[in-house]
Amino acid sequence: MRKTLLTLLLLAAVTVISYTQYFKKTNRDPASLGLSVDRYLSYLPEGYRNGAREYLQMMGQGSYEQGNVWGANSGIVSFNIQLLDRNQCFRNLARTFYESIPAYTHPQRREGNITFSLVDSTQNSTLESGWLWRQALQYAGGNANLAMTLIGLCGHDNVHQFPNNYNFRCPSSNGAMYLQGALGEETILSDRTTRQLINYQAPLAGGEALPSKYFHVMGAAYLTCSLVRAGIPNLIVRQLQRGAINTYRAMRLCETVRPREFCDPISNMNSTQFMTLVRNFRTNPESCVTNLNSGQNWREFRQTPECVMLGELEEFVGNETIGYSELRRHFEAYMGRIVASRLFREQIMNPEHCNQIQWTRSTMNRLQRFSLSGSCGSGVSVQRCQEAQRVMRSWWMDFVWSEEQHRMG
């Protein structure tokens with residue numbers, strides 16, 4: 001009973017952090033909801049409370065104005081900057097540790113990929129599984145907490161890190177530490193999940209087109225160390241991290257499916273009508289673009305439904321070497337996302353009720369079931385319905401993917 005209560009209190013605090021950031025993002029006042037992290041933490045034993053405070057600080061408490069947990073990892077970045085600023089010995093150790101990390105190019109890496117792919121790992125490379133963890137332990141003198149802190153400085157993300165004014169830099173986004181298995185073979189994504197991700201998210205391009213996102217594993221390990229140090233049982237730590245990552249994914253999904261004023265008017269457009277729009281645009285781009293002769297390296301599109309769509313597909317529409325068959329494929333994928341968003345709002349959950357997703361597993365179960373066998377209703381072609389269901393399966397797999405990586409961390 002005590003463990004269940006502790007888990008609920010910690011989950012409530014994490015949820016408050018995430019929803020406060022969400023309401024900031026949508027220009028609503030979280031104070032009006034009576035949200036208070038301290039209220040939940042006050043019920044915890046003192047040792048647990050201190051560990052939870054450090055965890056929540058890294059999650060982003062107090063950093064709402066600078067960023068959010070799903071954007072720039074502002075909480076962890078701020079926490080790391082404080083570590084580096086207040087301890088010169090640690091700063092020097094971090095510099096020597098990161099200078100020791102080798103430059104590395106995976107032998108199977110595709111030209112043009114800026115990060116490791118889903119199918120890249122130490123199992124098919126010249127690096128040994130667990131090499132990063134062993135190296136960090138060596139520099140930390142065998143202290144596991146210090147070793148994880150060293151890794152967490154740069155390992156929590158391969159883009160959003162601390163400023164480059166500490167006489168050392170984090171590895172590039174395709175640096176060796178971001179290769180799956182760097183912490184150990186047991187931290188490589190399972191074959192089953194890898195196959196599902198490829199089937200649902202990259203059936204044509206294959207696993208090489210998907211990023212590995214291995215930083216999620218290292219970030220989860222780094223985040224939860226404060227809880228483990230505070231003596232909080234491992235089972236509760238896993239439940240808490242699962243709740244945190246589901247909240248993160250729920251917020252991302254709610255932003256994705258939110259109604260957009262330019263989508264409804266074109267939701268029934270067919271490929272023939274789209275091709276007519278493309279031909280007209282390629283002949284007369286001034287019909288949609290407002291700054292053709294400004295000398296800028298980007299084009300501003302008029303705010304009409306058709307022009308907004310062409311702008312979002314500009315990479316393909318503006319490239320006249322791309323044929324109409326490929327354009328149709330990108331168009332149907334685009335329309336599939338629009339239909340999937342509408343179906344989610346109608347059949348799964350209204351995004352205005354986003355704060356309920358954290359507390360019910362049945363929401364994700366409904367998403368999975370609907371993505372496999374749900375009806376798209378009248379007026380939606382079989383092809384478009386199948387594409388919408390594929391998009392929804394992709395959303396569901398994002399939860400599975402994130403959960404597995406955070407569980408391994």
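Read-outs: derived from the displayed coordinates by stated rules, not from any lab. Since the structure is predicted, the reported quantities are computational estimates derived from the model, not experimental observations. Note that we place each Cβ from the backbone using ideal geometry, even for glycine, and neighbour counts take in every protein chain shown.
Near Gln241, within a Cβ-to-Cβ distance under 13 Å, what is the net charge of the other residues, with Lys and Arg +1 and Asp and Glu -1?
+2
Mind listing the phi-derived Karplus ³J(HN,Hα) values for the range 152-167, rounded to whole Hz, using 6.51, -1.76 and 1.60 with θ = phi - 60°, and x for any glycine or proline?
Values per residue, Gly and Pro as x: x, 3, 10, x, 5, 7, 9, 10, 7, 9, 7, x, 8, 10, 10, 6 Hz.
Hey, could you get me the Stokes-Einstein D for the range 174-270, Kirkwood radius over alpha-carbon pairs, 10 °C and 1.306 mPa s, rounded to whole µm² s⁻¹?
Answer from the Stokes-Einstein relation: 95 µm²/s.
In a shell of Cβ-Cβ distance under 11 Å around Gly184, excluding Gly184 itself, what net charge do Lys and Arg (+1) and Asp and Glu (-1) give?
On the way: positive: Arg134; negative: Glu128, Glu185, Glu186.
Computed value for this residue: -2.
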